[in-house]
Every structure is written in structure tokens, then in C-alpha cells.
1. From GLU226, GLU233, which residue is of a type outside the set (A, V, I, L, M, F, W, C), touching a residue at least 24 places away in the same chain (Cβ under 8 Å), out of contact with any helix residue (DSSP H, G or I) (no Cβ under 7 Å at 6 or more places or on another chain) and assigned by TED's automatic domain parsing to the domain that holds GLU262?
2. List pairs: first in region 264-275 and without any contact (Cβ under 8 Å) to a residue 12 or more places away in the chain, second surrounded by 16 or more Cβ atoms within 10 Å (Cβ to Cβ), Cβ under 8 Å, 6+ apart or cross-chain?
3. Can you pull out every residue in region 427-442 that is part of a helix (DSSP H, G or I), out of contact with any helix residue (DSSP H, G or I) (no Cβ under 6 Å at 6 or more places or on another chain) and among the aliphatic types (A, V, I, L, M)?
4. Checking the conditions here, which among LEU169, LEU123 is modelled with pLDDT of 85 or more and out of contact with any His (no Cβ under 6 Å at 6 or more places or on another chain)?
5. Every residue in region 179-208 that is farther than 17 Å from ILE248 by Cα and not in a loop (DSSP other than H, G, I, E, B), please.
6. Can PHE221 be described as among the hydrophobic types (A, V, I, L, M, F, W, C) and modelled with pLDDT under 90?
7. Name the residues in region 327-376 that are in contact with a strand residue (DSSP E or B) (Cβ under 6 Å, 6 or more places away or on another chain) and part of a helix (DSSP H, G or I), would you?
8. Where in region 5-95 are there strands (runs of 3 or more DSSP E), lying fully within it, with 1 or more residues that are touching a residue at least 40 places away in the same chain (Cβ under 8 Å)?
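The values are calculated or read from the model by the stated rules, or taken from the named source; none is laboratory data. Just so you know, these numbers come straight off a predicted model, no measurement behind them. Backbone-built Cβ (ideal geometry, glycine too); neighbour counts: all protein chains shown.
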Amino acid sequence: MFESILLVEDDTNSRKGLTQFLQGLEFDVITATNGKEAYELFRKESPDLVISDIRMPDMDGVTLLETIKAGSPSAKVILLTAYGSVEDAVKAMKKGAFYYLTKPVNLEELEFLVKKAFSSHQLEEENKELRQELFKERYDQGNLIAQSQKMKELLKTVDKIAASHASVLIEGESGTGKELIARRIHELSPRSQQPFVAVHCAALTETLLSSELFGHEKGSFTGATERKKGRFERAHGGSLFLDEIGEISRETQVKLLRVLQEGELERVGGTKTIKVDVRLIAATNKTLLDEVKQQRFREDLYYRINVIYLKVPPLRERKEDIPPLVENFIRQCSALNAKKITGIEPDALKSLMSYDWPGNIRELKNVVERMIVLSSGDKLTLEHVPDEFKQDRAAPASQGFLAGGNRITDLEKELIQKVLQESGGNKSLAAGQLGISRRTLYRKLDEYKIGQ
């Protein structure tokens with residue numbers, strides 16, 4: 001049974017009578033006489049069920065329902081009213097009420113609804129626990145491998161902060177698994193039953209990004225043939241993941257800051273204020289504080305999103321994770337390519353482990369899939385390892401990195417040049433193979449003066 005029920009009723013006699021009835025069913029009952037008092041009690045006591053009158057002074061029951069649902073989307077609320085109508089019932093149900101009862105309350109019907117709400121609550125909790133177990137199992141078997149101490153510490157922190165509502169900033173090189181970290185935070189949070197919406201900021205122009213984030217009204221710009229909800233609205237009650245947040249323009253940064261501060265937005269071309277409740281998880285392959293110092297990223301927005309900071313280590317700093325990652329990719333890619341590969345020979349694995357992987361996990365997966373596609377036996381061997389990744393070629397890269405300090409950028413430049421050559425100079429294709437956006441590729445081409 002529920003441990004506690006919050007009963008909100010301004011009429012003294014009704015409040016006393018319902019309290020006695022619910023206590024007789026062995027529920028713990030806490031009471032409030034108005035909506036404002038009820039919301040404070042809800043935040044403090046976290047009751048399992050709310051039963052509230054609709055017509056009350058200060059804050060009515062529907063407003064109380066909306067306020068509770070904004071912070072706790074899964075909360076169960078039953079509304080009572082002496083002014084029952086189909087219209088009121090539909091309105092209450094659309095706003096998230098579990099059910100709606102007219103006064104005078106039929107106690108048998110109330111008992112049935114309370115028990116039904118409890119069954120629903122219990123089922124949701126069991127499903128939540130099952131999803132979390134399946135989620136952890138999936139990621140233990142997936143790309144989010146934690147054999148290394150650095151990754152174990154990171155995932156321990158992730159699991160600790162998941163239950164909060166605080167914004168999270170994830171920094172790490174391209175291909176390190178930042179979106180997997182973001183999804184883990186969402187799936188282990190109280191928002192897990194609500195949407196996880198991802199936006200890859202660098203892949204969109206400024207106009208399209210504003211439309212994607214905040215939505216637009218019909219006719220607000222050329223091609224806007226109908227009203228469109230933005231990603232913030234679609235993520236309401238859940239989590240919004242902004243990847244490559246360091247790439248957004250100063251103008252969009254201002255709009256984003258306002259939404260995060262006020263919890264409200266206006267669609268592009270619109271005047272109506274829309275309230276939204278999202279948890280922001282942002283990711284970047286840059287050092288965002290350096291962008292702040294260079295005045296390319298707003299300082300106030302930086303501190304707004306950087307409530308919790310996570311740094312994902314590159315693969316070269318967690319090479320203990322390479323063997324289980326390779327094993328996992330062999331399972332995935334063998335099935336995808338209709339191959340029956342059972343494993344990898346030690347010398348082939350040693351060769352892969354000697355490489356520094358500037359493209360990180362994404363690059364490793366691509367190489368393993370390439371080996372599988374070209375293989376003919378049941379095991380991957382040194383013969384299947386591409387020449388550029390073999391031990392005798394990869395070892396100097398590691399030594400150069402240790403000695404010179406600039407070897408990683410050299411490797412990145414070489415990788416971009418190689419992929420561009422293989423793609424025949426097609427930058428869209430090259431960006432896709434590298435796992436980065438066209439905008440990031442153009443920035444890298446300019447940075448390394450490639451093709452100039």
C-alpha cells in the first residue's frame with residue numbers, strides 16, 4: 001500500500017471525514033487546507049498519492065496538479081469537485097490527473113481508485129527497477145565499458161548524480177562515448193519515463209538550430225508551412241542532450257540562457273510564452289572554459305550548464321578497456337555482417353592495443369568492423385589488422401606522443417588527410433566516416449591548413 005496520502009481540502013468537515021476513512025484503510029494521511037500549503041508539503045514529504053479538491057482559495061486543484069506534475073511527472077493525483085462536468089473532467093485528465101471524482105464522494109469508488117492508483121504506482125516502480133537492471137546489463141555488454149579505473153570512477157560518479165535535476169556538462173574528445181554517458185544519466189534518473197531528446201548542434205545552421213530547439217510558428221520563415229514544436233517542448237519532463245554545445249552562436253546562446261533561467265520560451269515567430277521543464281545535459285569536444293576566455297562562449301551560460309562536470313577519458317588513457325570493447329564489437333559487427341567470428345588472436349589484439357586511437361572508440365569500432373568484413377575464418381588475426389594499425393607502425397606513435405607532446409594532433413591531421421583521400425575529397429562523406437559534423441571538419445581543415 002501507499003505509505004502516505006496528501007489530502008487537500010479546505011472544508012473542515014470533508015477533510016476530517018475523508019481523513020478518518022483513509023486512515024481506516026491503513027494509509028498514513030497528511031492534510032492541507034489550500035494548494036500553496038499542499039505544494040510545500042508535497043515537496044517536503046513526497047507523498048505517494050495526492051487527493052485534492054479543485055475549488056480552493058489561493059491555488060486551485062488544477063493549478064496544484066500542474067505544479068506537482070512539472071517537477072514530478074509520475075506523481076499520482078486524484079481531483080475532487082462539487083462542480084463536476086465532463087468538460088472539467090477532460091481538462092483535468094489532459095493535465096495529468098489520475099482520475100476525477102465528484103462530491104459528495106462515493107467512498108467505495110474512492111477506495112477503488114486509491115487501490116487502482118497504488119497498483120499503477122507499484123507497477124511503474126517495478127518497471128523502473130527492471131529497466132534500470134536491463135539498462136545496466138546492456139551497457140555492461142555495450143560500448144560503455146568500464147574495465148579501467150578511470151572509467152569505473154566516472155561511471156560511479158554518473159550513477160551518483162543521475163537522480164539529481166542538476167545540469168551536466170560532459171567534456172571529452174570525439175568518439176569517447178559522451179552521448180552514451182548522457183543516456184545513462186537519463187535512464188537512471190527520475191525522468192527516465194519521459195523523453196530523452198538529442199540535438200547535434202554543429203550539424204545545423206543557426207536558423208535551423210533555433211527552430212529545432214525552440215520550435216516555430218507557421219509562416220515564421222520561408223519553408224515554415226506549419227507550426228512545429230521544438231526539442232525543448234518535446235523533452236518536457238525529460239532530458240535534453242545538446243551535443244557539441246561549443247559550436248552554437250552567441251545569439252543562440254542568449255536564447256538558450258533565457259530558457260534555462262526562466263524555464264520558458266517562445267517559438268520562432270511566436271509571441272506565446274511556453275513553460276518547459278527539462279534537465280539539460282551538454283557535451284563538447286572542446287575545453288569550454290577556454291572558449292569562455294576567448295569570448296566565444298558566454299560565461300553566464302557556461303556556469304549555468306556546468307553545475308556538474310564530467311570528463312570522459314580518451315581511449316589511449318584507458319587501454320584496459322580495449323579488449324572488452326573489441327570483444328563486444330566482434331559480437332555486434334559479426335551479427336550485422338552475417339559472419340561467425342568467435343574472437344581475436346592475441347597478437348592481433350596486442351597490435352590494436354599498441355595504437356593510440358585519436359578517433360577513440362568510434363575509430364576502434366570502425367577498424368574491428370573492417371577486419372570482420374575482410375575476414376574469412378572464425379577468428380580475427382594479425383593479417384586482418386590494417387597496416388596503419390599494426391604494432392610496428394603504431395608503436396612509434398605512442399613513443400612520439402610521450403616524447404614530443406604533439407603526436408596526437410599529428411595523428412589527427414594524418415587521419416583526416418587519409419579519410420579525405422579515401423573519400424575522393426568528398427567532405428560530407430569524410431565527416432561521416434570520421435564521426436564529426438561538416439562544421440567541425442571545416443574547422444579542423446582550417447586549423448591544420450589542409451588543402452590550403
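1. When all the criteria are applied, what remains is GLU233.
2. Once the first residue is without any contact (Cβ under 8 Å) to a residue 12 or more places away in the chain and sits in region 264-275, its partners that are surrounded by 16 or more Cβ atoms within 10 Å (Cβ to Cβ) give LYS272/GLU266; THR273/LEU265; THR273/GLU266.
3. If the condition is that a residue be part of a helix (DSSP H, G or I), out of contact with any helix residue (DSSP H, G or I) (no Cβ under 6 Å at 6 or more places or on another chain) and among the aliphatic types (A, V, I, L, M), then LEU429 is the only one that fits.
4. Selected residue: LEU169, the only one of LEU169, LEU123 that is modelled with pLDDT of 85 or more and out of contact with any His (no Cβ under 6 Å at 6 or more places or on another chain).
5. GLU179, LEU180, ILE181, ALA182, ARG183, ARG184, ILE185, HIS186, GLU187, PHE196, VAL197
6. Spelling it out, PHE221 is indeed among the hydrophobic types (A, V, I, L, M, F, W, C) and modelled with pLDDT under 90.
7. Those that are in contact with a strand residue (DSSP E or B) (Cβ under 6 Å, 6 or more places away or on another chain) and part of a helix (DSSP H, G or I): ALA348, MET371.
8. Qualifying strands (runs of 3 or more DSSP E): 49-53, 77-81.
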